[in-house]
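Quick notes on the structure that follows.
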Amino acid sequence: MTITTVDITYHFPPEFDERAEYEMTLKGYLCGGEVELTDGRRFPVTFFDPIRLGQDLEEMARRGEPAFIEPALVVIPEVTRDGIMRTLPELVRQQFFDHFKPVAVSVANGVAH
């Protein structure tokens, strides 16, 4: 499943379905998806909402961990399909992915996976 804006396509995780869409908002995060730019480069990205991020930070501090580290983390007000779609153009505008290495995309029978 994907959503596409003018300059970017978001590929939901392979197991993403209606239940996962419902749960991502309740859980306040979505990981395992990838952004594909118009030039074909793809990057993993993780979406968190502020409440979930705060909960994870509190738990991390309780365990004495020194830092919360999540590569390509994007914090949005609410983790919904609409929230993700509205965020994608801003990621391109701010050149967010210029600082990351793209993932290798496997191709089978002419289809990227």
With the crude spin-label approximation of a point 7 Å out along Cα→Cβ, what separation in nm comes out for GLN55 versus LEU37? 3.3 nm
Comparing VAL75, VAL92, VAL45 in a Gaussian network model of the chain (Cα, 10 Å), the one with the largest mean-square fluctuation is VAL92
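Within 10 Å of each residue's Cβ, count the other Cβ atoms and sort THR38, THR80, THR87 from fewest upward.
Fewest to most other Cβ atoms nearby, the residues stand as THR38, THR80, THR87.
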If one compares the long axis through the Cα atoms of helix 50-62 with the longest principal axis of the Cα atoms of the chain, the angle in degrees, nearest 10, works out at 50 degrees
Expressed in nanometres to one decimal, the distance between label points 7 Å along Cα→Cβ at LEU73 and GLN94 is 1.4 nm
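For a quick check: sort LYS27, LYS101 by the number of other beta carbons within 10 angstrom, fewest at the front. Can you show the working numbers first?
Details: LYS27 13, LYS101 8.
The order, fewest Cβ neighbours first, is LYS101, LYS27.
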Test of understanding: in a Gaussian network model of the chain with alpha carbons linked when under 10 Å, which of PRO77, PRO50, PRO66 would top the mean-square fluctuation ranking? PRO66
Correct choice for percent of Cα pairs over 24 Å apart that was computed from the model, options (i) 23; (ii) 29; (iii) 18: (ii)
Would you mind telling me which residue in PHE48, PHE97, PHE68 has the biggest mean-square fluctuation in a Gaussian network model of the chain, where springs connect alpha carbons within a distance under 10 angstrom? PHE68
Magnitude of the charge dipole, the chain, Cβ model with Lys/Arg +1 and Asp/Glu -1, debye to 20: 200 debye
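We did not get these values from a lab; they are worked out from the coordinates using the rules stated. Not measured: the values here are computed from a predicted model. All Cβ positions, even for glycine, are placed from backbone atoms using ideal geometry, and neighbour counts span all protein chains on display.
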